[in-house]
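Novice: Pasting in a structure now, in C-alpha cells, and then I'll have a few things to ask.
The values are calculated or read from the model by the stated rules, or taken from the named source; none is laboratory data. Keep in mind the model is a prediction, meaning the values are calculated, not measured. We place every Cβ from the backbone using ideal geometry, glycine too, and count neighbours over all the protein chains shown. Side chains are part of the model used for accessible areas, which takes the heavy atoms of the whole protein and leaves out ligands, DNA and RNA. Shrake-Rupley method; radii C 1.70, N 1.55, O 1.52, S 1.80 Å.
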Amino acid sequence: MIYFDNSATTKPDSTVLQSFQQISQQYYGNPSSIHRFGLEAQTLLRKAHEQAADILDIDVNEVVFTSGGTEGNNIAIKGIALAHQNKGKHIITSQIEHPSVMEACKSLENIGFEVTYLPVNDKGIVDVHHVQQALREDTILVSIMHINNELGSIQPVKEIGELVKHRTTTYFHVDHVQGFGKVPLSLKKDGVDLCTISGHKIHGLKGTGLLYIRKGINIFPLFDGGAQQSNYRSGTENVAGIVSLVKAMRLINEKQKNNRNYLYQLNQLLRDLLQEISSVQFNTAKDQAPHIFNFSVPGYKPEVIIHALGERDIFISTKSACSSKKPDESTVLRAIGLSEERTKSGLRVSFSYQNTEEEIELFCRSLRKVIQQLSLVMG
Ligand SMILES: Cc1ncc(COP(=O)(O)O)c(C=O)c1O
C-alpha cells in the first residue's frame with residue numbers, strides 16, 4: 001500500500017495510540033474533580049500544557065486544546081470577531097483558505113461583518129502589499145494560512161505579522177494545520193496572535209488539536225459551560241487525546257529537526273519523475289512546502305485516475321471538498337488563474353516522513369500505466 005494522502009489525514013503513530021489507551025484506562029478522572037483521580041488527570045493536563053508550550057515556544061497559558069483544525073479556526077475567527085466588534089467589523093483573509101476559515105468568514109458576513117478575500121498570484125501566494133492596502137482602521141482580524149492544503153504554497157506569514165504587529169486593534173491568525181512539523185513557523189518572532197494546529201495531520205488522533213491564543217487576547221467563547229481552559233473552551237478536557245496530541249507534536253517536531261531535507265528529497269524525486277510523463281502538468285510552483293504537490297492530467301477526470309490508482313493500492317486525492325460554484329472545479333486552482341481544464345483535473349500527492357523514494361518510483365510508474373490504459377479506453 002502506498003499512502004500519499006497525508007494532507008487529508010495521517011496514520012496515527014503507534015506510541016501515540018498507546019499513550020491514548022494508557023491514559024484513557026488509568027487516568028480517566030475528570031480533571032475538575034477534587035479527589036485523587038481528578039488531581040492525577042489535572043496533573044497530566046498541566047504537564048501537557050507545559051510540554052506543548054515548550055514545543056511551540058509560547059507561554060503555558062497561551063495553549064488551548066481543541067478538537068482539531070476546524071474548531072480552532074472557528075474559535076479564533078468568530079471569537080475575535082465577536083469580542084472586538086466594537087472596534088471594527090472588517091476582516092482580511094485570502095481566496096485560498098480552508099473551508100473552516102472561509103465559511104466562518106461567510107457566517108460573519110451574514111451577521112454584518114465585512115470580509116476582504118485577497119487574491120493570490122500564480123504560485124498561490126498572497127501579496128503582502130495587498131494585505132497592507134486592505135488594512136483599514138476598522139480591521140480587527142487578518143487570517144492567512146501558512147501552507148495551502150491543495151497546493152502547498154507558502155504564505156508570507158512573517159511579513160504579514162510584521163505589518164499587523166504594530167496595530168493595537170488588529171489580530172493575526174494563522175491556520176498552521178498543514179505546516180506544523182514540516183515548515184517551521186516562529187509564533188512569537190513572526191508576530192502571530194492566534195494559530196491553529198490539528199492532531200490528525202501529524203500522526204495524532206482525529207478529534208485533537210491546539211489553538212494558540214497570545215496572552216491577554218480577549219475572545220468571545222463559542223462554548224459556554226464549566227469555564228475549563230481559562231473559559232476559552234468549556235467542556236471536560238479530553239485528557240488522553242491531549243496527552244497523545246502533545247506526543248504527536250513532539251515526535252513530528254523531532255522528525256522536522258532531524259530530517260530537515262528528507263521531504264525535500266522526496267519532492268524533488270517526484271517532480272523529476274513526473275516531468276517525464278508528457279500529459280502531466282505541474283500546478284505547484286517550485287520552492288513551496290515539500291510535502292504537498294499538485295498536478296493536473298488535463299482531459300482525464302481526477303476521480304477516474306484516483307480509482308485506477310486505488311485498485312493498485314495507491315492512495316492520492318483530488319481537491320478538498322470545498323465550496324465551489326462548480327462542484328468539480330478546485331477554487332484554489334482557479335484562484336491561481338489556471339484554465340478550466342486544469343482546475344477540473346487537479347490531483348494532490350501529500351507525503352509524510354514515513355514515505356520512501358521507492359514508493360515515489362512505483363507511484364510514477366503506476367500513474368504512467370494508468371494514463372496509458374485510460375487513453376486506450378478513451379480512444
Ligand atoms: C489548512 C487546513 N485547515 C484546517 C483543516 C481542518 O482540520 P480538521 O480536519 O482537524 O478539522 C484542514 C483539514 O484538511 C486543513 O487542511
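Novice: Please say if the chain is rounded, prolate or oblate, where rounded means a/c under 1.5 for a ≥ b ≥ c the square roots of the C-alpha gyration tensor eigenvalues, and otherwise the choice is prolate for a/b larger than b/c and oblate otherwise? All intermediate terms of the calculation are to be shown ahead of the outcome.
Specialist: Values: a/c = 2.07, a/b = 1.32, b/c = 1.57.
Oblate, since a/c reaches 1.5 and b/c is not below a/b.
Novice: Another question, if that's okay. In percent, how large is the relative contact order of the chain, given Cα pairs closer than 8 Å and 6 or more residues apart?
Specialist: Numbers: 729 pairs, mean separation 84.8, N = 379.
For the chain, the relative contact order is 22 percent.
Novice: A follow-up question, please. Sorting check: for 104-115, 343-354, which peptide has the highest mean count of neighbouring beta carbons within 10 Å, and how do the rest follow?
Specialist: Values: 104-115: 15.8, 343-354: 23.5.
Per-residue mean Cβ counts within 10 Å order the peptides as 343-354, 104-115.
Novice: Next question, about the same structure. Taking the Cα-to-Cβ direction at F37 and at R260 and moving 7 Å from each Cα, how far apart do the two end points lie in nm?
Specialist: Inter-label distance under the simple model: 4.8 nm.
Novice: What ³J(HN,Hα) values, in whole Hz, does the Karplus curve 6.51 cos²θ - 1.76 cosθ + 1.60 give for region 288-297 when θ = phi - 60°, with x put for Gly and Pro?
Specialist: Per-residue couplings from phi come out as 9, 4, x, 9, 10, 9, 10, 8, 10, 10 Hz.
Novice: In whole percent, and with a 1.4 Å probe on the protein chains, what portion of the accessible area of the chain is carbon and sulfur? Walk me through the intermediate numbers first.
Specialist: Working: 8230 of 16550 Å².
Whole-percent figure for carbon plus sulfur exposure: 50.
Novice: Any idea which of Q275, A289, N261 is furthest toward the positive side of the dipole for region 224-304, if Lys and Arg beta-carbons carry +1 and Asp and Glu beta-carbons -1?
Specialist: So the residue we want is N261.
Novice: Alpha carbon centre of region 79-94 versus region 160-206: separation in Å?
Specialist: Here the two parts' Cα centres lie 18 Å apart.
Novice: Here is a further query. Check I2: other-chain or 5+ apart residues with amide H under 5 Å from its amide H, H built from backbone geometry?
Specialist: Amide H to amide H, under 5 Å and 5 or more residues apart or across chains, I2 pairs with I314, F315.
Novice: What ³J(HN,Hα) values, in whole Hz, does the Karplus curve 6.51 cos²θ - 1.76 cosθ + 1.60 give for region 272-277 when θ = phi - 60°, with x put for Gly and Pro?
Specialist: 4, 6, 5, 4, 7, 9
Novice: Order of 230-240, 84-94 by packing, highest average Cβ count within 10 Å first?
Specialist: 84-94, 230-240
Novice: Could you tell me which of T70, L39, I91 has its Cα farthest along the dipole of region 14-255 towards the positive end, charges placed at Cβ (Lys, Arg +1; Asp, Glu -1), taken about the Cα centre?
Specialist: Value: L39.
Novice: Give the distance, in whole Å, between the Cα centre of region 271-294 and the Cα centre of region 1-60.
Specialist: If we compute the Cα centre of each part, the gap is 36 Å.
Novice: How far, in degrees from 0 to 90, does helix 14-26 lean away from the longest principal axis of the Cα atoms of the chain, to the nearest 10?
Specialist: Helix 14-26 sits roughly 30 degrees off the main axis of the chain.
Novice: Quick one: Karplus J couplings for region 202-207, per residue in order, coefficients 6.51, -1.76, 1.60, θ = phi - 60°, nearest Hz, x for Gly and Pro?
Specialist: Residue by residue, region 202-207 yields 10, 6, x, 9, 5, x Hz.
Novice: A further question follows. Go through 35-48, 215-228, 194-207 and give me the packing order, highest mean Cβ count within 10 Å leading.
Specialist: Working: 35-48: 16.1, 215-228: 13.7, 194-207: 25.6.
Those peptides, ordered most packed to least, come out 194-207, 35-48, 215-228.
Novice: While we're here: What is the list of residues in region 56-86 whose amide nitrogen lies under 17 Å from a point 7 angstrom out from the Cα of S186, following Cα to Cβ?
Specialist: Only 56-59 pass the distance filter.
Novice: For the chain, what is the charge dipole size about the Cα centre, in debye to the nearest 20, if Lys and Arg each add +1 at the Cβ and Asp and Glu each add -1 at the Cβ?
Specialist: Values: 40 positive and 40 negative charges, 45 e Å.
With Lys and Arg at +1 and Asp and Glu at -1, about 220 debye.
Novice: Quick check: from the Cα gyration tensor, does region 1-118 come out rounded (a/c under 1.5), prolate or oblate?
Specialist: oblate
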